[in-house]
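Have a look at the structure below, then the notes.
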Amino acid sequence: MSHLEPILRPARESDADAIAQLHARSWRASNRGIMSDTYLDGPVFEERHAVWRHRLADGDPRFLTFVAEARDGLHGFICFELDADPVWGTRLDNLHVDPRLCGRGLGDALMRVGIARVLEVAPDKALHLLVFEASAGARRFYERLGGHAESCVPESLPDGTGSVPAIRYVWPAPVTLAKP
Ligand SMILES: CC(C)(COP(=O)(O)OP(=O)(O)OC[C@H]1O[C@@H](n2cnc3c(N)ncnc32)[C@H](O)[C@@H]1OP(=O)(O)O)[C@@H](O)C(=O)NCCC(=O)NCCS
């Protein structure tokens, strides 16, 4: 195992800054042309930092967050919101891998660790997420994991400029994601 191989662990309050930095970096790399340049080149970090500080400081039990941490910092994170929707159950709210490290299996590993915990606390709930229609790479990732594209819905942008089409992917029985 390389000394840079990350360990996957539950997020702590002290991770808020590093998660927000990675979140902003990932959005700058993957959402250019979807979110406004003004936002991506401006307040994206501050806005994400406020979200993560709040989420982790309160230890809000609705959210389950895991990070992939290596000696050189965070390589990725995943966050689920329990009971987010009366029909579609648990929501995968965020999954991000450092843009320099995509395509090496870390997204898949974060998904497995997160799903194992989700199945412990909400075994009978469906799983869903929204991904921008234009995010072809992420959509391929979720389709490879068996996600079913259920509908196309407007997704509000965090920069306040309106909404863009997003695909809702669903797993009616997320136990199917817990393959060995
Ligand atoms: C989507 C994401 C989490 C996947 O994590 P990952 O570690 O790159 O994924 P894995 O290595 O486990 O799996 C690779 C698969 O992911 C997909 N993929 C998505 N973006 C990719 C990228 N930039 N590079 C390589 N593969 C990517 C492909 O389907 C690839 O499979 P393929 O090579 O057979 O086509 C990651 O690419 C990412 O953080 N993207 C930007 C943020 C994002 O879009 N998040 C989802 C928001 S809902």
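Sort through Val113, Val131, Val164, Val153 and tell me the only one that's over 24 Å from Ala68 (Cα atoms), of a type in the set (Val, Ile, Thr), modelled with pLDDT of 95 or more and in contact with a Phe, Trp or Tyr (Cβ under 8 Å, 6 or more places away or on another chain). Can you show your working first?
Details: Val113 fails: over 24 Å from Ala68 (Cα atoms); Val131 fails: over 24 Å from Ala68 (Cα atoms); Val153 fails: in contact with a Phe, Trp or Tyr (Cβ under 8 Å, 6 or more places away or on another chain).
Going through Val113, Val131, Val164, Val153 in turn, just one is over 24 Å from Ala68 (Cα atoms), of a type in the set (Val, Ile, Thr), modelled with pLDDT of 95 or more and in contact with a Phe, Trp or Tyr (Cβ under 8 Å, 6 or more places away or on another chain): Val164.
Return yes or no: is Gly137 assigned to a helix (DSSP H, G or I), out of contact with any Phe, Trp or Tyr (no Cβ under 8 Å at 6 or more places or on another chain) and either closer than 25 Å to Arg32 by Cα or near the ligand (Cβ under 10 Å from one of its atoms) (or both)? First the steps, then the outcome.
Details: assigned to a helix (DSSP H, G or I): yes; out of contact with any Phe, Trp or Tyr (no Cβ under 8 Å at 6 or more places or on another chain): yes; either closer than 25 Å to Arg32 by Cα or near the ligand (Cβ under 10 Å from one of its atoms) (or both): yes.
Spelling it out, Gly137 is indeed assigned to a helix (DSSP H, G or I), out of contact with any Phe, Trp or Tyr (no Cβ under 8 Å at 6 or more places or on another chain) and either closer than 25 Å to Arg32 by Cα or near the ligand (Cβ under 10 Å from one of its atoms) (or both).
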Legend entry - Residues (near the ligand (Cβ under 8 Å from one of its atoms) and surrounded by fewer than 19 Cβ atoms within 10 Å (Cβ to Cβ)) located in the stretch 107-129: Asp108, Ala109
Legend entry - Neighbours by Cβ (under 8 Å, 6+ apart or cross-chain): first from the stretch 100-111, closer than 18 Å to Ala136 by Cβ; second small (Gly, Ala, Ser) and more than 6 Å from the ligand (Cβ to nearest atom): Gly107/Gly76
Legend entry - Tabulated pairs, the stretch 155-177, first acidic (Asp, Glu), second in a strand (DSSP E or B), C-beta under 8 angstrom, 6+ apart or interchain: Glu155/Leu130; Glu155/Phe132; Glu155/Ser163; Glu155/Val164; Glu155/Pro165; Glu155/Ala166; Asp159/Met35
Inset, instruction - Could you tell me whether His23 is assigned to a helix (DSSP H, G or I), under 30 Å from Glu120 (Cβ atoms) and modelled with pLDDT of 95 or more? - result: yes
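The values are calculated or read from the model by the stated rules, or taken from the named source; none is laboratory data. Predicted model, so just to flag it, every value in this text is computed and none were measured. Every residue, glycine as well, gets a Cβ built from its backbone with ideal geometry; the counts of neighbours run over all protein chains shown.
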